[in-house]
Amino acid sequence: MNSALQFLSGRNIKQTDKFTFMDWSALLEAVKNPLNFADCNPRIAKAKSRWITASDATSKQKEIILEHNRFTLLRVDVDDSLLELESIADALTGTDLQSWVIHTTASHKLEGCGNRYRIYIELAEAVSFADWSLVSGYLAYVFGGDDCATRSQQVMFLPCRLNGDSYEYRISKGTPLNLACSEVLSDAKVWAEHQETAISAAQHEKCDTLQPQRAESLFDGQVSIIDLVNRGYEWPELLRHYGYKQHGRAWLAPESGSGVAGAYLLTSRTDGKQRLFSHHTNDPCATGRCLDKFDFLLVREYGNNWQKAIKELAEQFPAACAHNRQLWGRKKKADAIRSLMNVGGAA
């Protein structure tokens, strides 16, 4: 076993310096003997929990980690899964992955949550971000997880025990994964090629369908709330908030029954903006056209009630809202004066 590989570690999420490092053996001990936070709820326990990254960089800042470009651990998040722990263990055993650990999270089956697991896979050598993110995305697809783990700076909280929990873990001891010559890397490359083909086809067919579902009625000087919404949100956070899971370049809608990610962020050749196109049969956003962020919220949050969406979303931009109301008030006064003048002229 190569014991040289380490991962940056911290005491809690608020720590910003004086980090330490943890190796694979220490990770296994943390899984076998998790800290006991007794009466804490999952949120408080998470705030108190020790964490690791997937890199041996000396900082958890994204820029530093990417420049360092040494990733020393594979990880998969599996949340709200129908899979049992043994099923995941059997799937891992059936691959060329020999050294791994699975454990349940603090919120596993608590407070209405489903099955929640973390999978760690030991690497023989540090790998580049390109290979690490590719394989992490592929493994998230295989196990129905969310490849938020492909975010270089993502921290992973070590397990803990809570009152009333149902903590479980499994450990497989074997040869660490040599990613460069592994089947999992080859499979990940084939999977990524299939995704690129699907995205290219959707891009060619749908990406220039740019007309909004309904245009705003604006007059000179008013600010477009739709434009503010489209600039004010980021696609990854927006999609995750509504239950979409990222699988490489594709996203899995929460209503999907197949488990195959079929929603894509396509970049328009007309204006260079990203829009969502969904193939999922049960996804309410599968409208046959590309949706911008306002369109997405209109469907997901407001049930296509356009007036309610405009009114409530405008409140998120109080300066623009006040500006538009002021101009509207001036316009109403001007219209009233013009109407009186017309009546006077007619008389």
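The numbers here are math on the coordinates, done by the rules we state, and not lab data. Predicted model only: the values in this text are computed from it and were never measured. Here the Cβ positions follow ideal geometry from the backbone for every residue, glycine too, while neighbour counts run over all protein chains shown.
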Checklist entry - Amide H neighbours of Ala263 under 5 Å, counting only residues 5+ apart in sequence or on other chains, H built in-plane at 1.01 Å? => result Trp251, Ala253, His279
Item to check | Pairwise centroid distance, computed over Cα atoms, of the range 262-308 with the range 7-46, Å | outcome: 39
Checklist outcome for this item: Computed from every Cα-Cα pair in the chain, P(r) in 10 Å bins starting at 0 and rounded to whole percents is 5, 20, 26, 22, 14, 6, 3, 2, 1, 0
Item to check | Set of the range 31-49 residues, backbone N closer than 13 Å to the point 7 Å along the Cα-Cβ line of Asn163 | outcome: 37-42
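Please report the orientation-averaged projected area of the range 6-181, defined via the convex hull of its C-alpha atoms, in nm².
Numbers: hull surface 37.3 nm².
Average of the hull's projected areas for the range 6-181 equals 9.3 nm².
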Next on the checklist: Looking at the chain as a GNM with Cα springs under 10 Å, which of Gly272, Gly145, Gly257 has the largest mean-square fluctuation?
Outcome noted: Gly272
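With +1 on the Cβ of every Lys and Arg and -1 on the Cβ of every Asp and Glu, and nothing else charged, how large is the dipole of the range 42-150 about its Cα centre, in debye rounded to the nearest 20? Intermediate results must be reported in sequence, preceding the final value.
Numbers: 11 positive and 16 negative charges, 128 e Å.
For this selection, approximately 620 debye.
Using Cα pairs closer than 8 Å and at least 6 residues apart in sequence, work out the relative contact order for the chain, in percent.
Values: 582 pairs, mean separation 51.2, N = 347.
It rounds to 15 percent for the chain.
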Checklist entry - What is the range 1-100 by shape, rounded, prolate or oblate, if you read a ≥ b ≥ c off the alpha carbon gyration tensor as root eigenvalues and call it rounded for a/c under 1.5, prolate for a/b larger than b/c, and oblate otherwise? => result oblate
Checklist entry - In percent, how large is the relative contact order of the range 6-181, given Cα pairs closer than 8 Å and 6 or more residues apart? => result 31
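Run lengths n ≥ 4 of DSSP H only: what is the helix-derived mean residue ellipticity at 222 nm for the chain, with -39500 (n - 2.57) per run over all residues, to the nearest 500? The partial results should precede the final answer.
Numbers: 11 runs with 132 residues, N = 347.
Helix contribution divided over all residues of the chain: -12000 deg cm²/dmol.
Expressed as a rounded percentage, what relative contact order does the range 1-56 have, with Cα pairs under 8 Å and six or more residues apart? Mind dumping the intermediate values first?
Details: 61 pairs, mean separation 30.8, N = 56.
Computed value for the range 1-56: 55 percent relative contact order.
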Checklist entry - What is the gain in length, in nm to one decimal, between Glu183 and Gln316 on full extension, counting 0.36 nm per residue of separation less the C-alpha to C-alpha distance? => result 43.0 nm
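All other residues with a Cβ under 9 Å from the Cβ of Phe7 taken together, and with Lys, Arg as +1 and Asp, Glu as -1, what is their net charge? Could you put the intermediate results ahead of the total?
Values: positive: none; negative: Asp23, Asp56.
Result for the neighbourhood of Phe7: -2.
Would you kindly state how much longer the chain becomes between Ala130 and Glu63 on full extension, computed as 0.36 nm times their sequence separation minus their alpha carbon distance, in nm to one decimal? Intermediate results must be reported in sequence, preceding the final value.
Working: separation 67, 0.36 × 67 = 24.12 nm, distance 1.48 nm.
The Ala130-Glu63 span can extend by a further 22.6 nm.
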Checklist entry - So what J values fall out for the range 273-288 if you push phi through Karplus, 6.51 cos²θ - 1.76 cosθ + 1.60 with θ = phi - 60°, rounded to Hz, Gly and Pro as x? => result 8, 8, 9, 8, 10, 10, 9, 4, 4, 8, 6, x, 7, 7, 9, x
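Give me the net charge for the shell around Thr95: Cβ to Cβ below 12 angstrom, other residues only, Lys and Arg +1, Asp and Glu -1. Show your work: numbers first, answer last.
Working: positive: none; negative: Asp90, Asp96, Glu183, Asp187.
Cβ neighbours under 12 Å give a net charge of -4.
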